[in-house]
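The values are calculated or read from the model by the stated rules, or taken from the named source; none is laboratory data. All figures in this text were calculated on a predicted structure; none of them were measured in a lab. Heads up, the Cβs are rebuilt from the backbone with ideal geometry, glycines too, and the neighbour counts pull from every protein chain shown.
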Amino acid sequence: MKAPKHQRQHRIARLLESRAVTSQVHLVELLAAEGIDATQTTVSRDLDELGAIKVRLPGGESAYALPELPSRQVAPEDHLRRVLGEWVVEVHHSGNLVVLRTPPGSAHVVGSALDRSAYPGIIGTVAGDDTVLVVAADPNGGRAVGDRLASLSGIGPGPGGGGGVAAAGVDGGAGSDGPRRGAAGRVGGSGRAQRSTKRAAKGST
């Protein structure tokens, strides 16, 4: 059956609290077993709205979990550090933009954590599949924000000019390799939205 959104999200929260839900497909199957029809797209949106994050379980497997904080409460920096350290694998910057790379399907977790942190110097984020675009308030603030986020992620500054984080892959240029993997020369699943945001950000300076 098609359950109302609030009922479906309530059941999702109960499932996450009572068992290890390792993937969105797994969650769809668990809901179906309880008579609730939902698509993977729907549960992905529900997980994001609930503020669910993935945590490492004993043995190395990861599962969705609800943070202890209410969804509208500002998350402390320790929470942001934990999420960034777990999921961010590369940080790049250009102008007032910062690109965070994550494993596939994890960008929304990082974007949600940044949005809830009210992190200073950031006016917004756009999350795709494996990439989060962070827009800095300062027209030239990408390097400073990128360095701070890289530090929180445990990556440290990359080989970019002046000790900043590498900027390869933001505009398709041949920049330096990222701190953990070589930059792929593209902006991941949300590239189209990111390029549009980049033009808008430059146009406002």
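Quick notes on this structure:
- The residue pairs whose first member lies in segment 11-36 and is in contact (Cβ under 8 Å) with a residue 40 or more places away in the chain, whose second member is acidic (Asp, Glu) and surrounded by fewer than 15 Cβ atoms within 10 Å (Cβ to Cβ), and whose beta carbons are closer than 8 Å, counting only pairs six or more residues apart or on different chains, are 20/61; 22/61.
- The residue that is nearest to residue 23 (Cα to Cα), among those in segment 97-124 that are touching an Asp or Glu at 6+ places or on another chain (Cβ under 6 Å) and modelled with pLDDT of 90 or more, is 102.
- Pair list, Cβ under 6 Å, 6 or more apart: segment 133-148 residue part of a loop (DSSP other than H, G, I, E, B), other residue at pLDDT below 95 and among the small types (Gly, Ala, Ser): 137/121; 141/121
- Here residue 128 fits the description: crowded, with 18+ Cβ neighbours inside 10 Å, assigned by TED's automatic domain parsing to the domain that holds residue 151 and in contact (Cβ under 8 Å) with a residue 12 or more places away in the chain.
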